[in-house]
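Each value in this text was obtained by applying a stated rule to the coordinates, not by laboratory testing. None of these values were measured; they are calculated from a predicted model. Virtual Cβ from ideal backbone geometry, glycine too; neighbours counted across all protein chains shown.
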Amino acid sequence: MCHYSAENFAIFISLQYGVNVDEEQVGEETILLYKEELDENLVSEELLSIVPEMVMVYSCVYNNEEHEWLVCVASDADTNQPLFLICLKNGEKIYEEVLL
């Protein structure tokens, strides 16, 4: 089962980028999207090739004094199997990972 929470976000950002995150300041959102609704500027061809028709996207956002961090984890809407993770810093994609 996939669920990406503020705690997961804080751990990822700390390990990957050395940023300490106050979990209380992390915004969380979950949205159901059709494949064609995914932003092609953020989701690479490689990632699109593994995406089913509908995906559940879990997102966490955190703003500190310097940067806005956003991490999204997409999972299969039917099975909740995690598919991929992308990380944006100030609106620019800086990391992606296939989670299958």
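Screening region 1-34 for residues that are in contact (Cβ under 8 Å) with a residue 12 or more places away in the chain and small (Gly, Ala, Ser) and picking the one that is nearest to TYR95 (Cα to Cα) gives ALA10.
The single condition among (1) over 14 Å from the mean Cα position of the chain (by Cα); (2) more than 19 Å from HIS3 (Cα to Cα) that ASP39 does not satisfy is (1). Among the residues examined, GLU66 qualifies as under 28 Å from VAL19 (Cβ atoms) and more than 13 Å from the chain's Cα centre (by Cα).
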